[in-house]
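Beneath this line is the structure, given in structure tokens, with notes to follow.
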Amino acid sequence: MVTPLLSFDFGQFMPPLLRGAGVTVGLVLASGIAGTIIGVVFGIGRSAPLAPVRWLASIYTNFIRGIPILIILLFLYYEIPLLFPYATFSQTITAMIGLSVYAGAYMAEIFRGSIQAIPRGQLEAGEALGLNYLQKMRYVVLPQALKIAVPPGIGFLIALVKASSLVSVIAATDLTRAGRIITSQNHAPLATFLVVAALYFVISYPLSLLGRWYERRLA
Amino acid sequence: MTIDFGAVLPYLPVMLKALGISIEVTVLSFFIGSVLGIFVYLGRRSGLAPLRWLAHGFIEVFRNTPLLVQLYLIYFGLPEVGINLNPFWSTLAGMTLNNAAYTAEIFRAGIESVPNGLVEAAGALGMRFSQTFRFIVLKPAIRNVLPALTNQFIVLFLFSSVGSVISLNELTSALADLNQRTLRTLEIFTIGGILYYLTSAVIAGSSRLAERYLFRW
Amino acid sequence: MSTPAMILAQDIHKRFGDLEVLKGIDAEVDEREVVCLIGPSGSGKSTLLRCMNALEKFQKGHITICGHDLTGSKTNVNEVRRDVGMVFQSFNVFPHMLVLDNLMLAPMKVLKVSKAEARERAMALLEKVGLVDKAKVYPTKLSGGQQQRVAIARALAMQPKVMLFDEPTSALDPETVGEVLEVMKALAEEGMTMMVVTHEMGFAREVADRVLFMDNGVVVEQGPPREIFDNPQHDRTRAFLSKIL
Ligand SMILES: Nc1ncnc2c1ncn2[C@@H]1O[C@H](COP(=O)(O)OP(=O)(O)O)[C@@H](O)[C@H]1O
Ligand SMILES: [Mg+2]
């Protein structure tokens, strides 16, 4: 057990792993932000006054949450070149689109729940003051919903960090893929992937702590 | 190439067979992992500090690292120390450990959510600890955890697709394969997505039915 | 005194960490006696009651209740609790069981009474608290007053020798307070030994044999309700009564 671990050459392999970790963090940030925006839009859409809007939002959030992220990524990976044969798309962009679509659905569900958690009296008070639908959303519902959504939102961000490892399958050079490339050179998968796992832990664990801290603060 | 779902329908049996493997590895890892999860939960509540730390460490490690990396460690890493598991057992092992870490937290939340007043009332009626747990805590706790457990079951099912990366021939692997063979990406992945979605929906629906049947209060 | 007291508490001291909640309480309840415990919130009334059926441990003093000595570490708390019924402010009925099953569970599991007998006893008690028609209903479907009557019947199903009530009507809507007090009054008239923490001064005046006024962890004064309410001896009692009446 010890020999394979000691065989890992940190000097040689840490730089590519850290670059990979940078890509992972960048992907999670970008798709986390995009997902939050999509999530707010579709989360509100779930309670829109227009039925077709509600249906559309509901189909998107429920379908995406019912299929694996890997299916989304593989589909985009194979389908985009068919749709745009002449465009040169970097795999990182494909990965980002896939993760954003995925994150959007989960964030939308989180916002839907948060909006529902706001007491009905708040909406009625808004109505009684003569606010229209958009004003009610903007000034009464959203500020409160966003606050409720923070802990589950952070929880999903942790899930997103881990799900992002699957972009390595479609050849985006994230942390996991950096690890795979290294194992093809050093033939030491145990040590290499332990280091990779440790780096994921370093990215994800502070988010866990942040989530717990925020929840304690709310309570 | 025009869209033609008819062209991929003959492959439906292949997909369904692969879906069977996805379901098999999910069900096995869910049940074994949940039993393990009960022990991890008990470890967290143990009077022995080292046991508590161990359980806590286990939970944090598995919740904060990707399943894919865990599978790489099991499938590619363990042979270095003489443990060789095939893709099925590797995937099963990884998913089981993962599920144990998540269910341990679900059980904790579920049991803590049973109001202390009920436990006290049972005590005031002269019931022993074991009786209180069995007759008063267990059913409400199960009711409280069922939605989270169902959700975990679905998430676990969806992440069984990661097994394809270490060449487990489950549904995602079959879809990638058929895609290469037919080049009908849209049709293959649409049908594959629908199969995943329907299975998730059936799990969610059964859980809701069970809930209505089991918990009438 | 002809018979030994049902409850005898002597010099009870109880602290939670640094907070001393009971500072040497003496209290006595005789057989068939109804004692009401009044006092401002936070004065230690619930804590005293909970010490009496071993839901809380105390650091110093003696309690004997129905012949059980709670001081020794050898006392079997479950045996004590078989003889002592308790009713909580928050009802604590078991939500996942039918009303009937709420009443049958402890007699069957703790006293090993047969199912048939437990059922018979339960139905008789439901008759008594006026809820026979709710036997096959889940308690979540009941009003607060009805739930509390179920909780009283559930405690009575153990055929206790003493009943402890901790503010049984404080969590109720005003219109359902009466039905619960009626049940308690009937119980007192049958000769049940009762200790009742309450803010219902009308009930205390009418039903209690004795009233104990507690403040800040001590019993400030006690006596027949007429004396306590109409002629309190201590400023603290007067101050409390003027606020609450
Ligand atoms: N489990 C506990 N831990 C710490 N403090 C407690 C606990 N239970 C009660 N106390 C404190 O003891 C004091 C008396 O409480 P209690 O007996 O409930 O008073 P009452 O029933 O007269 O309102 C209060 O200051 C309360 O905060
Ligand atoms: Mg109290």
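The values are calculated or read from the model by the stated rules, or taken from the named source; none is laboratory data. Since this is a predicted model, take the numbers as computed values, not measurements. Ideal geometry is used to build each Cβ from the backbone, glycine not excepted, and the neighbour counts take in all protein chains shown.
Points to keep in mind about this one:
- Verdict on C:Ala135 being touching a residue at least 12 places away in the same chain (Cβ under 8 Å) and away from chain B (no Cβ under 14 Å): yes
- Close Cβ contacts (under 7 Å, 6 or more residues apart or on different chains) running from residues in region C:211-232 that are under 11 Å from C:Gly39 (Cβ atoms) and touching a residue at least 60 places away in the same chain (Cβ under 8 Å) to residues that are within 16 Å of ligand 2 (Cβ to nearest atom) and of a type in the set (S, T, N, Q) comprise C:Met214/C:Ser43; C:Asp215/C:Ser43; C:Asn216/C:Ser43; C:Gly217/C:Ser43.
- Pairs where the first residue, in region B:179-198, is facing chain A (nearest Cβ under 9 Å) and over 18 Å from B:Pro13 (Cβ atoms) and the second is acidic (Asp, Glu) and surrounded by fewer than 22 Cβ atoms within 10 Å (Cβ to Cβ), C-beta under 7 Å, 6+ apart: B:Thr185/A:Glu79; B:Leu186/A:Glu79
- Contacts under 7 angstrom Cβ, first residue in region B:8-20 being touching a residue at least 24 places away in the same chain (Cβ under 8 Å), partner of a type in the set (S, T, N, Q) and in a helix (DSSP H, G or I), 6 or more apart: B:Val8/B:Thr182; B:Ala18/B:Ser173; B:Leu19/B:Thr199
- Just one of (1) of a type in the set (D, E, K, R); (2) surrounded by fewer than 21 Cβ atoms within 10 Å (Cβ to Cβ); (3) under 23 Å from the mean Cα position of the chain (by Cα) fails for A:Arg112. It is (2).
- Helices (runs of 4 or more DSSP H) contained in region A:113-219 and holding at least 3 residues farther than 23 Å from B:His56 by Cβ and more than 14 Å from chain B (Cβ to nearest Cβ): A:120-128, A:142-163
- With respect to the stated conditions, A:Tyr102 is under 23 Å from A:Thr36 (Cα atoms) and modelled with pLDDT of 90 or more.
- C:Ala118, sole failed condition from (1) away from ligand 2 (no atom under 16 Å from the Cβ); (2) without any contact (Cβ under 8 Å) to a residue 40 or more places away in the chain; (3) away from every other protein chain (no Cβ under 14 Å): (3)
- Criterion (without any contact (Cβ under 8 Å) to a residue 40 or more places away in the chain, crowded, with 22+ Cβ neighbours inside 10 Å and under 19 Å from B:Ile166 (Cα atoms)) met by exactly one of A:Ser184, A:Ser168: A:Ser168
- Taken as a whole, the condition of being touching a helix residue (DSSP H, G or I) at 6+ places or on another chain (Cβ under 8 Å) and either within 16 Å of ligand 2 (Cβ to nearest atom) or not β-branched (Val, Ile, Thr) (or both) does not apply to C:Val177.
- Test: residue in region C:231-243 that is within 16 Å of ligand 2 (Cβ to nearest atom) and within 23 Å of C:His68 (Cβ to Cβ): no
- Residue match in region B:32-41 (condition: surrounded by 19 or more Cβ atoms within 10 Å (Cβ to Cβ) and within 11 Å of another protein chain (Cβ to nearest Cβ)): no
- Scanning region B:154-170 for residues that are more than 9 Å from chain A (Cβ to nearest Cβ), crowded, with 22+ Cβ neighbours inside 10 Å and part of a helix (DSSP H, G or I) turns up B:Leu156, B:Gly163.
- Picking from residues in region C:3-19 that are out of contact with any Ser or Thr (no Cβ under 7 Å at 6 or more places or on another chain) and within 16 Å of ligand 1 (Cβ to nearest atom), the one that is nearest to the other protein chains (Cβ to nearest Cβ) is C:Phe16.
- Scanning region C:20-70 for residues that are within 15 Å of ligand 2 (Cβ to nearest atom), outside any helix (DSSP H, G or I), more than 14 Å from chain B (Cβ to nearest Cβ) and not small (Gly, Ala, Ser) returns C:Val21, C:Leu22, C:Ile25, C:Cys36, C:Leu37, C:Ile38, C:Pro40.
- Test set (1) within 30 Å of C:Val80 (Cα to Cα); (2) within 14 Å of chain C (Cβ to nearest Cβ) - B:Phe215 fails condition number: (1)
- Residue match in region B:30-49 (condition: more than 26 Å from A:Ser184 (Cβ to Cβ), of a type outside the set (Phe, Trp, Tyr) and in contact with a Gly (Cβ under 8 Å, 6 or more places away or on another chain)): no
- Contact annotation: residue pairs with Cβ atoms under 9 Å, 6 or more positions apart or on different chains, pairing a residue in region A:38-52 that is farther than 17 Å from A:Val141 by Cβ with a partner that is part of a helix (DSSP H, G or I) and of a type in the set (Phe, Trp, Tyr), are A:Ile38/A:Tyr60.
Listed here are the residues, each with its yes/no results for (1) within 22 Å of A:Ile110 (Cβ to Cβ); (2) outside any helix (DSSP H, G or I); (3) modelled with pLDDT under 90; (4) not polar (S, T, N, Q).
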{"residue": "A:Leu5", "(1), (2), (3), (4)": "no, no, yes, yes"}
{"residue": "A:Leu18", "(1), (2), (3), (4)": "no, no, no, yes"}
{"residue": "A:Gly35", "(1), (2), (3), (4)": "yes, no, no, yes"}
{"residue": "A:Ile38", "(1), (2), (3), (4)": "yes, no, no, yes"}
{"residue": "A:Leu56", "(1), (2), (3), (4)": "yes, no, no, yes"}
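- Leading residue by the ranking (surrounded by the most Cβ atoms within 10 Å (Cβ to Cβ)) among those in region C:171-203 that are more than 14 Å from chain B (Cβ to nearest Cβ) and within 16 Å of ligand 1 (Cβ to nearest atom): C:Val196
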